[in-house]
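Presented below is the structure to which this report refers.
The values are calculated or read from the model by the stated rules, or taken from the named source; none is laboratory data. This structure is a prediction, so every number in the text was calculated from the model and none was measured. Note: ideal-geometry Cβ built from the backbone for every residue, glycine included; neighbour counts use all protein chains shown.
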Protein chains: 2
Amino acid sequence: MNQASGYRACVIGLGSMGMGAALSCLRAGLATCGVDLDAGRRDELAGQGVRTAASVAELGGDFDAFLVLVVNGAQARQVILGQGGLADHLRPGGAIMVSCTQSADDARALGADLQARGILMLDAPVSGGAAKAAQGAMTVMASGSDAAFDALEPLLQAVAAKTYRIGPDIGQGATVKVIHQLLAGVHIAVGAEAMALAARADIPLETMYDVVTNAAGNSWMFENRMKHVVNGDYTPTSAVDIFVKDLGLVTETGRSLGFPLPLASAAFAMFQQASNMGYGREDDSAVVKTFSGITLPGNKS
Amino acid sequence: MNQASGYRACVIGLGSMGMGAALSCLRAGLATCGVDLDAGRRDELAGQGVRTAASVAELGGDFDAFLVLVVNGAQARQVILGQGGLADHLRPGGAIMVSCTQSADDARALGADLQARGILMLDAPVSGGAAKAAQGAMTVMASGSDAAFDALEPLLQAVAAKTYRIGPDIGQGATVKVIHQLLAGVHIAVGAEAMALAARADIPLETMYDVVTNAAGNSWMFENRMKHVVNGDYTPTSAVDIFVKDLGLVTETGRSLGFPLPLASAAFAMFQQASNMGYGREDDSAVVKTFSGITLPGNKS
């Protein structure tokens, strides 16, 4: 009998990350369920043999572990503490892994409310994208008590290739993810600024891309996202509005800590502008379209 | 007889890049000389068997190729067109490879003056650092006429692992280098901003570094330079004042092209501030010291 069998896990939020995480749990031999309000997403996962429902109450019984992969902190709070929420459906000793990107303040408030009810929580944002999630190879930046790490060990084994134990305090995981997103967002925005300047100076963008990706000016995001600008293809891998949200969290974190963030604040303004121009659902590299007076490859928008 | 022998090349400016380039020319079998005003640098190269002098006039005779690796465009203009300058010491069909980082406007003005005298110029900034230069493996971003590329072929073979032919017009090479430095400079500054925020939030910097360098928020510069912040060691590999100069060129390029550069402008202000605080000769990662209200590893400055 599989060591993991009998461990009942449920993934809340079946977006691209949640879908992959749920299938990874199934492959790892966990008794897996999935919850999403969207019937299409539920059907997709059910087709792979995972039991799904629109709410955890419909599934019946209690769980050892919840993995919360909803969009933001407000949704996480609602789905966990709202009426009929996850907090009412945990087995004794069970725990909740909260993996949405949210502010440290929101993570701490949620952690305090759960602690008051005797419920273990891991503050555990993730990265890696849909492909890594599908492979059970997400990167997890987690903070919380040893008891919470222990209770979620089978779930972490199933979904993560690497788990960073940032520290014991709820909020530390959220902070590390927010700071990571600061870098990721600024790298996309400055990639766009550089490519826009190249276009203005009549430098062929393929050449600019080739030089940078083979030199010290490269970044993971430049290499991945500026290819979309070179190709003039803004089909979203991750959308502009995701960085409006995440860089919004970054600037909120700066305010909360009383700390100036000149570059992140400028990049946030660029993504907010791109969204207001109507590009919110395009690929995040569409932030390049905030620059006027240039001709970019392709005319798709 | 070596195909390159008889091809007389002279490197002007024996800093870390010029020193490596001169030794690479020697290894490639070129008849190599080196020029620098600093006697210590001349002695270092002379000890390796390369003939050196404080000026090209002292060396006697004419050259097939000059490689100009001085600090900026003003120095390049002086050493090439000033009294007894390089322009007076070229063999017929010889050419000058101008490899300092300078504005496209300065490169174009120099190119026009040389063209009026019938002298070939390659606008050919380089990157790769001292280690690559020593190996004859610099990256060259070059623009100019086919005749200039042809005349400098033995020199390029000796010093470069990769030569990008950006286009036929003087100024294009300078522009590509300036845009590359835009990215490099902002990546250092935002790395500093992220690490400073981590320090403010009591996240261990080693952990933050480890997470970022294994995730999509990484950049070449973050990985290379933020290690210095983690170690609290600001011994310069490249100094703050280099990026005051290079991001100054970036903002000058933005003004010249009438183009807004929100992130580069903010990063330039950060490096200028670091220099004014007295950190100009420290490693460029010392831009992190512009943030107050945090405790960083080490107390060296």
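Tabulated data
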read-out	value
Test: residue in the range B:275-293 that is surrounded by 20 or more Cβ atoms within 10 Å (Cβ to Cβ) and of a type in the set (Lys, Arg)	yes
Test: A:ASP150 is surrounded by fewer than 24 Cβ atoms within 10 Å (Cβ to Cβ) and not small (Gly, Ala, Ser)	yes
Condition broken by B:GLY248, with the remaining ones in (1) away from chain A (no Cβ under 11 Å); (2) touching a Leu at 6+ places or on another chain (Cβ under 7 Å); (3) surrounded by fewer than 24 Cβ atoms within 10 Å (Cβ to Cβ) satisfied	(2)
Residue count for the range B:194-209, restricted to those that are more than 7 Å from every other protein chain (Cβ to nearest Cβ) and part of a helix (DSSP H, G or I)	6
Residue list for the range A:250-300, restricted to those being touching a residue at least 24 places away in the same chain (Cβ under 8 Å), outside any helix (DSSP H, G or I) and not basic (Lys, Arg)	A:LEU261, A:GLY280, A:GLU282, A:ASP283, A:PHE291, A:GLY293, A:ILE294, A:THR295, A:LEU296, A:PRO297, A:GLY298, A:ASN299
Residue match in the range B:32-48 (condition: out of contact with any strand residue (DSSP E or B) (no Cβ under 8 Å at 6 or more places or on another chain) and at positive phi)	no
Hits in the range B:211-245 - residues which are more than 7 Å from every other protein chain (Cβ to nearest Cβ), modelled with pLDDT of 95 or more and either more than 22 Å from B:GLY128 (Cα to Cα) or assigned to a loop (DSSP other than H, G, I, E, B) (or both)	B:VAL230, B:ASN231, B:GLY232, B:ASP233, B:TYR234, B:THR235
The range B:86-144: number of residues that are among the acidic types (Asp, Glu), surrounded by fewer than 21 Cβ atoms within 10 Å (Cβ to Cβ) and either at pLDDT below 95 or assigned to a strand (DSSP E or B) (or both)	0
Failed item in (1) surrounded by 20 or more Cβ atoms within 10 Å (Cβ to Cβ); (2) farther than 20 Å from B:ASN72 by Cβ, with B:PHE271 passing the rest	(2)
Unmet criterion (only one of (1) farther than 18 Å from B:HIS180 by Cα; (2) within 14 Å of chain A (Cβ to nearest Cβ)) for B:SER143	(1)
Pick from the range B:159-172, criterion more than 12 Å from every other protein chain (Cβ to nearest Cβ) and closer than 14 Å to B:GLY128 by Cβ, ranking: surrounded by the fewest Cβ atoms within 10 Å (Cβ to Cβ)	B:ALA160
Options A:LYS162, A:LYS177: the member that is under 16 Å from the mean Cα position of the chain (by Cα), of a type in the set (D, E, K, R) and farther than 30 Å from B:LEU182 by Cβ	A:LYS162
Residue in the range A:64-85 that is on the phi > 0 side of the Ramachandran plot and out of contact with any strand residue (DSSP E or B) (no Cβ under 7 Å at 6 or more places or on another chain) present	yes
Pairs with Cβ under 7 Å, 6+ apart, first in the range A:221-232 and free of Cβ contacts under 8 Å to residues at least 12 places away in the same chain, second acidic (Asp, Glu) and buried (at least 21 other Cβ atoms within 10 Å of the Cβ)	none
Residue among B:GLU193, B:GLU206 that alone is outside the structural domain of B:MET97 (by TED's automatic domain parsing), more than 25 Å from A:ALA267 (Cα to Cα) and at pLDDT 95 or above	B:GLU206
Enumeration of residues in the range A:263-301 that are within 24 Å of the chain's Cα centre (by Cα) and facing chain B (nearest Cβ under 8 Å)	A:LEU263, A:ALA264, A:ALA266, A:ALA267, A:ALA269, A:MET270
Contacts under 9 angstrom Cβ, first residue in the range B:151-163 being within 20 Å of B:ILE119 (Cβ to Cβ) and free of Cβ contacts under 8 Å to residues at least 60 places away in the same chain, partner among the hydrophobic types (A, V, I, L, M, F, W, C) and in a strand (DSSP E or B), 6 or more apart	B:LEU156/B:MET97; B:LEU156/B:LEU122; B:LEU156/B:VAL140; B:LEU156/B:ALA142
Residues located in the range B:190-248, provided they are β-branched (Val, Ile, Thr) and more than 20 Å from A:VAL140 (Cα to Cα)	B:VAL190, B:VAL229, B:VAL230, B:THR235, B:THR237, B:VAL240, B:ILE242, B:VAL244
Only one of B:GLY34, B:GLY40 that is farther than 24 Å from B:ILE170 by Cβ, free of Cβ contacts under 8 Å to residues at least 24 places away in the same chain and not in a loop (DSSP other than H, G, I, E, B)	B:GLY40
Answer from B:ARG255, B:ARG200 - the residue that is over 25 Å from A:VAL288 (Cα atoms) and in the same structural domain as B:ILE179 (by TED's automatic domain parsing)	B:ARG200
Residue check, A:ALA184 at pLDDT 95 or above, farther than 20 Å from A:SER256 by Cα and more than 8 Å from chain B (Cβ to nearest Cβ)	no
